[in-house]
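One structure is given here, and the rest of the page talks about it.
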Amino acid sequence: MVMTSPPTATADHPVLRVPPASPAAAAAYFGASLAFHADVSDVASALAADGDPGFVVLDSRSTASWDQGHIPGAVHLPTALIPEQAAALLDPAVPVVTYCWGPGCNGAARAALALAQRGFHVKEMLGGFEYWVREGFAYETWEGGERRAADPLTAPVDAADCGC
């Protein structure tokens, strides 16, 4: 592999106006990001596989939101109730993957923080319930199970996975 010098910053190029981080700093940042976040497709794949996925999925939204739709098998625990109910509903030895509405909502991050402050190992599911549905995964409502066709802007139409 040929090593090249890092790009230099230039005021007339907005992408590189601030130069990229060093490879070591980038590896640390992206490694940390993966320690804190889970992808919707990866969560769905782990839940669909035979056996215990090794984590529990937690929906941190309100009861009205939960009734509107939630991931099958998820634990429902609104963020405000975590301090008083997490210890009774969750095993601290089992990692928790939190989700809320979607990328425009930080409810899953707030829930993850509340759980981490109580000693739970936790990740946030990027994309939340919105991307779960948009990627075509089954979900449950108060009326029963549902599934929508995958949005081709979020999931491959004719492949099992995106390859990323």
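The values are calculated or read from the model by the stated rules, or taken from the named source; none is laboratory data. For clarity, every value in this text was computed on a predicted model and none was experimentally measured. All accessible areas refer to the heavy atoms of the entire protein, side chains included, with ligands and DNA or RNA removed. Shrake-Rupley method; radii C 1.70, N 1.55, O 1.52, S 1.80 Å.
Listed values, structure above:
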item	result
Gained length - GLU140 relative to ALA27, 0.36 nm times residue gap less alpha-carbon distance	36.9 nm
Candidates LEU16, LEU81, LEU115, ranked by Gaussian network fluctuation over the chain, Cα under 10 Å, top entry	LEU16
Gyration tensor verdict on the stretch 78-144 (Cα atoms; rounded if a/c is under 1.5, prolate if a/b is larger than b/c, oblate otherwise)	prolate
Cα gyration tensor of the stretch 1-141 - equivalent ellipsoid semi-axes, whole Å, descending	34, 17, 16
Order of exposure, largest accessible area first, which applies to TRP101, TRP132, TRP142 with probe 1.4 Å	TRP142, TRP101, TRP132
Per residue, in Å², the accessible surface of the chain once ligands and nucleic acids are set aside, probe 1.4 Å	62 Å²
Structure-based [θ]222 nm, the chain - -39500 (n - 2.57) summed over DSSP H runs of at least 4, per residue, nearest 500	-9500 deg cm²/dmol
Carbon + sulfur, % of accessible area of the chain - ligands and nucleic acids excluded, 1.4 Å	60 percent
